[in-house]
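Where a number appears in this text, it was derived from the coordinates with a stated rule and is not lab data. As the structure is a computational prediction, the values presented were derived from the model and not from experiment. Neighbour counts run over all protein chains shown; Cβ positions are idealised from the backbone, glycine included.
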Amino acid sequence: MTIGGIPALQMDVRLAGGANSCPWQTENMSATTPLIFDHAPLMVDPPVNGPGTDRTRLYLVGVSMGGRGVWDTVLARPELFAAAVPICAAGDPTDLRRIKHLPVWCFHGGADTTVPVDYARRMTAALRKLGGNVKYTEYPGVGHDSYRNAFREPELLPWLFAQRKQLQ
C-alpha cells in the first residue's frame, strides 16, 4: 500500500478480548479506565520486523477509540514509534513523561459530544508542560467526525512522514 506516494504498511491494534470488551457504554468510563490493547503484533508481526521495514518511521494514527489506543500504545511502547496522531480521543494526562520526546499531532472537534474536547486539551497541555513535541488542532463547531477534517489537512502527511526516530 502507498499513502501519498510513500510505501506504507497498515497495522491494526485491537482491544484484547475483542470489541465486546469495550467499556465505553459503562457510566463510570473515564480516560483512566484501563483498556487492555493487544500490543503483541507490535513486537512480533513479521511485516514490522521484516526486511525492508524502516523502523525509524513507525507511526501510530487512530480515531476515537483507536485514538485512545494510540495514547495507550505509545505510553506502553514509546521506543517503537516516530510519531503519533490521536484523533477525537480520550487519554489520561497524569504521567506522559515517557512520550514527551515523541512528536504528536492531536486533532479534536470543538463540538464533540462523544469524546469531550477537554480530553485533547488536557493531553496536549500536559505534554506542553513537560516540554513535549506536540501540535494541536481543534475544529470549532465540528463533532466526533473531526477525522474528516484531520485527514484533509494538507500538512498532515508531510509532517508525519518527516518524523524519524533515532535507533538505539
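The table for this structure:
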{"read-out": "DSSP bridge orientation in segment 60-168 - percent antiparallel, rounded to nearest 5", "value": "0"}
{"read-out": "Mean projected area (nm²) of the alpha-carbon convex hull when segment 110-168 is viewed from all directions", "value": "5.2"}
{"read-out": "In nm, spacing of pseudo-spin labels at residue 149 and residue 135 (7 Å Cα→C-beta vector)", "value": "1.5"}
{"read-out": "Residues 81, 161, 107 arranged by fewest to most Cβ contacts within 10 Å", "value": "161, 81, 107"}
{"read-out": "Segment residue 53-residue 113, length gained on full extension (0.36 nm per residue, minus Cα span)", "value": "17.7 nm"}
{"read-out": "Ascending count of other beta-carbon atoms within 10 Å, so fewest first, for 99, 87, 6", "value": "6, 99, 87"}
{"read-out": "Fewest-first sequence of 73, 94 by Cβ atoms within 10 Å of each Cβ", "value": "94, 73"}
{"read-out": "Residues with amide H under 5 Å from that of residue 135, placed H, sequence gap 5 or more", "value": "104, 105, 106"}
{"read-out": "Segment 60-168, Cα convex hull volume normalised per residue, Å³", "value": "86"}
